[in-house]
Amino acid sequence: MPGKAHSPAGSFPDPCSIGCCTSSSGLRSPGPTRAFPTQIITEHEGNSMKAVRFHATGDASVLTYEDAPEPTPQDHEVLVRVEATGVNFADIMRRRGDDYPEASPLPFTLGAEIAGTITAVGKAVTSLHVGMPVLAVVGAGGYAQYLCVPEAIVVPLPEGVAPVQAAAMMANGLTAALVLRNAARLAPGETVLIEAAAGGLGSFAVQLAKVYGAGKVIAAASTPEKRAIAERLGADATVDYTAPGWAEQVRALTDGKGVDIVVETAGGDNVAEAFRALAPFGRMIFVGQSSGKTSLIDPWDLIVPNHTLTSFYVGAYAAFPDVIQSTLTEIFGLIVSGRIALQVNTVLPLSQAAEAHRLLEGRQTAGKVVLQPWVDV
């Protein structure tokens, strides 16, 4: 393809060169909007690439590493050679067939965030060029060696930031920042409870809550090891949110008041317990339900304590690309300055996407899981 520049596999910068920790293992909508593109694939006859897709929903075994058509950019798109893609719990929900805001038409390619290098540009693209390292929150399609991405949502990769680092922070860092500032409207001195605090989203939320002036951050995690990670990231206290009656522990840590904000990610029965940990006039931000179980809430129960329940879906922010770009720029600045650290737990070849899902779904990870599409090539 004209304008394509293949770089050698395996020539990525050290993913831990800056701010990175590893272990082994009030916007007004402009009207009806669509979230990030579901999949952006225009076939280029004669070329193929490796991708991970699922042809039916189910457990991790439905993820298939296979040949797929290599895409061709349309007028306002760029073709990105994907060097790293983040794994998120939303990927697991879509693979399982759980309720999800966006459809997942089969065969489906997961992968909401990518980092890589532009290898071709559409004829109407003006701000980007071949050879430019970039990142993007794309919604889906990232479990592949190539992906076409609209010019408007592509962000140049800052100098000194490796693709693995970028893939580790985009969706989770962006979500954490927007949840705390835009959805929760965190005010200085307020107390925040963050669930799954050692995970990809939680590890950012703990750190950003402190940066944004939270008076106390309480981290909820399922094991002593994960709670220790949250403390190292700056949490003032921790609780085991798998233990019965854990909301009473939270109240004890807040002199009986409860927390001002809950970042809710587990769903199911956990929601009722989290409400019991909420202070009068407190706000719960519902980000997801990793349990896969529906939460039943009686609005009448919210009246006397003046509780507020707000949902959050980062895909809706595709309508505000300037917000996305400014927030990502802010987070990169915080990482480079050392004010927050990346938690990259596991980096695997794309061919091992099923194993990545098993680890994440089985709560065997802390921090981010990243896939590299070219490592096994």
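Points to keep in mind about this one:
- Global size of the chain as Cα Rg and Dmax, reported in angstrom: 20.3, 67
- Rg ratio (alpha-carbon, reference 2.2 N^0.38 Å) - the stretch 238-295: 1.05
- Taking amide H as placed 1.01 Å from N in the peptide plane, the amide H of V134 sits under 5 Å from that of G116, T117, I118, L157, each at least 5 places away or on another chain.
- The order of R94, R185 by accessible area, most exposed first and with a 1.4 Å probe, is R185, R94.
- Accessible area in square angstrom per residue, the chain, 1.4 angstrom probe: 40 Å²
- Dipole size of the chain about its Cα centre, with +1 on Lys/Arg Cβ and -1 on Asp/Glu Cβ: approximately 520 debye, rounded to the nearest 20.
- Cα shape, the stretch 42-196, gyration tensor, a/c 1.5 rule: oblate
- Values of log10 I(q)/I(0), in the order q = 0.14, 0.20, 0.29 Å⁻¹, for the stretch 216-266 under a Debye, Cα-only, solvent-free model: -0.32, -0.67, -1.29
- Over 30 Å (Cα to Cα) - which of K210/K257; K257/K368; K123/K368; K50/K210; K257/K293 fall in this group: K257/K368; K123/K368; K50/K210
- Length gained on full extension, A56 to T242, computed as 0.36 nm times the residue gap minus the Cα-Cα distance: 63.8 nm.
- Short to long, the 5 Å bins of the Cα pair-distance histogram for the stretch 316-377 hold 4, 16, 15, 14, 16, 22, 13, 1 percent of all pairs.
- Each peptide in 198-208, 355-365 gets a packing score, the mean of other Cβ atoms within 10 Å over its residues, and the list from highest to lowest is 198-208, 355-365.
- Couplings 3J(HN,Hα) of the stretch 108-120, computed from phi: 10, 10, 7, x, 8, 9, 9, 9, x, 10, 5, 10, 7 Hz, in residue order, whole Hz [Karplus 6.51 cos²θ - 1.76 cosθ + 1.60, θ = phi - 60°; x for Gly and Pro].
- Label-point separation, Y313 to Y65 (7 Å along Cα→Cβ), nm: 3.3 nm
- Cα convex hull, the stretch 155-283: 112 Å³ per residue, rounded to a whole number.
- Using a cutoff of 8 angstrom between alpha carbon atoms and counting only pairs six or more residues apart, the relative contact order for the stretch 100-139 works out to 45 percent.
The values are calculated or read from the model by the stated rules, or taken from the named source; none is laboratory data. Quick caveat: nothing in here was measured; it's all calculated off a predicted structure. When we count neighbours, we look across all protein chains shown, and the Cβ atoms used for this are built from the backbone with ideal geometry, even at glycine. To get the accessible areas, we keep the full protein, side chains included, count just its heavy atoms, and leave off ligands, DNA and RNA. Shrake-Rupley method; radii C 1.70, N 1.55, O 1.52, S 1.80 Å.
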